[in-house]
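Just passing along the structure, written as structure tokens.
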Amino acid sequence: MSSFKELFIVRHAKSSWDYENISDIDRPLKLKGIRDAYEMARRIKIERKIPDLMISSPAIRALHTADIFMRVLEDKYSKLKIDERLYGSGVGVIKKLLAEQTNSIKVLMIFGHNPDFSELATVLSGSSYLELISCGVAYLKFETSDWSSVSHENIKEFKIDSPKNENLV
């Protein structure tokens, strides 16, 4: 019997540059970003792919995006973790974070930033370079029972969606 791991890579929604003298990590979402996050979470809810765990960057824009997804998916906040490694640490570090996840987790959703998230989706899918736009979602399904072995070599399904698309993830 085959076993699968499913990964959602969610780039944070559109952020605001309207505030002077705040650090990058504290930048909030724009109203458009908030609306887009609600729409993308709604699409995932329709597909009934509820994550076992969500991990977010500590940046306000990523956390707010994750919070919206939690509410739309009607999930428990105990399933949301914050990990500073999702804030500009690079693809290698993010892959290590994935490999550390317990294998009882079947569906994982991570929230973070570019360029790392576009590169991660590219590497794990085996695609030529792709760009996750703001609130873009990459969905990857791997035929494996172990998070440490997810790679383009065992990918069984790959979809990408964004607020600009009409397609469901």
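Tell me which residues, restricted to segment 91-111, are charged (D, E, K, R) and either surrounded by 15 or more Cβ atoms within 10 Å (Cβ to Cβ) or in contact (Cβ under 8 Å) with a residue 12 or more places away in the chain (or both).
Scanning segment 91-111 gives Lys95, Glu100, Lys106.
Moving on. Might you let me know whether segment 141-152 holds any residue that is more than 16 Å from the chain's Cα centre (by Cα) and surrounded by 18 or more Cβ atoms within 10 Å (Cβ to Cβ)?
Checked against the condition, which is being more than 16 Å from the chain's Cα centre (by Cα) and surrounded by 18 or more Cβ atoms within 10 Å (Cβ to Cβ), segment 141-152 yields at least one hit.
How about segment 137-157: which of its residues are in contact with a Leu (Cβ under 9 Å, 6 or more places away or on another chain) and not charged (D, E, K, R)?
Ala138, Tyr139, Leu140, Phe142, Trp147, Ser148, Val150, Ser151, His152, Ile155
In segment 130-169, what residues are part of a loop (DSSP other than H, G, I, E, B) and closer than 14 Å to Leu120 by Cα?
Leu130, Glu131, Leu132, Ile133, Gly136, Val150, Ser151
Residue by residue through segment 52-68, note down the ones that are in a helix (DSSP H, G or I) and out of contact with any Lys or Arg (no Cβ under 9 Å at 6 or more places or on another chain).
Taking segment 52-68 and keeping what is in a helix (DSSP H, G or I), we get 60-68.
Correct list: Leu63, His64, Ala66, Asp67, Ile68.
Here's a follow-up. For residues that are more than 14 Å from Ala13 (Cα to Cα), touching a residue at least 24 places away in the same chain (Cβ under 8 Å) and not β-branched (Val, Ile, Thr), tally how many sit in segment 119-139.
9
If the requirement is being modelled with pLDDT under 95, within 21 Å of Lys5 (Cβ to Cβ), of a type in the set (Val, Ile, Thr) and in contact with an Asp or Glu (Cβ under 8 Å, 6 or more places away or on another chain), which of these qualifies: Ile50, Ile94?
Values: Ile94 fails: modelled with pLDDT under 95.
Every option except Ile50 fails the conditions.
Another question, if that's okay. Condition first: assigned to a loop (DSSP other than H, G, I, E, B), among the charged types (D, E, K, R), out of contact with any helix residue (DSSP H, G or I) (no Cβ under 7 Å at 6 or more places or on another chain) and touching a residue at least 24 places away in the same chain (Cβ under 8 Å). Now tell me which residues in segment 14-51 satisfy that.
Pass one, segment 14-51, residues assigned to a loop (DSSP other than H, G, I, E, B): 14, 16-23, 27-28, 30, 48-51.
Then keep just the ones that are among the charged types (D, E, K, R); that gives 14, 18, 20, 27, 30, 48-49.
Now restrict to residues that are out of contact with any helix residue (DSSP H, G or I) (no Cβ under 7 Å at 6 or more places or on another chain): 18, 20, 30, 48-49.
Lys49 - this is the single residue of segment 14-51 that is assigned to a loop (DSSP other than H, G, I, E, B), among the charged types (D, E, K, R), out of contact with any helix residue (DSSP H, G or I) (no Cβ under 7 Å at 6 or more places or on another chain) and touching a residue at least 24 places away in the same chain (Cβ under 8 Å).
The values are calculated or read from the model by the stated rules, or taken from the named source; none is laboratory data. Quantities reported herein were computed from a predicted structural model and do not represent experimental measurements. FYI the Cβ positions are ideal-geometry reconstructions off the backbone, even for glycines, and counts take in every protein chain you see.
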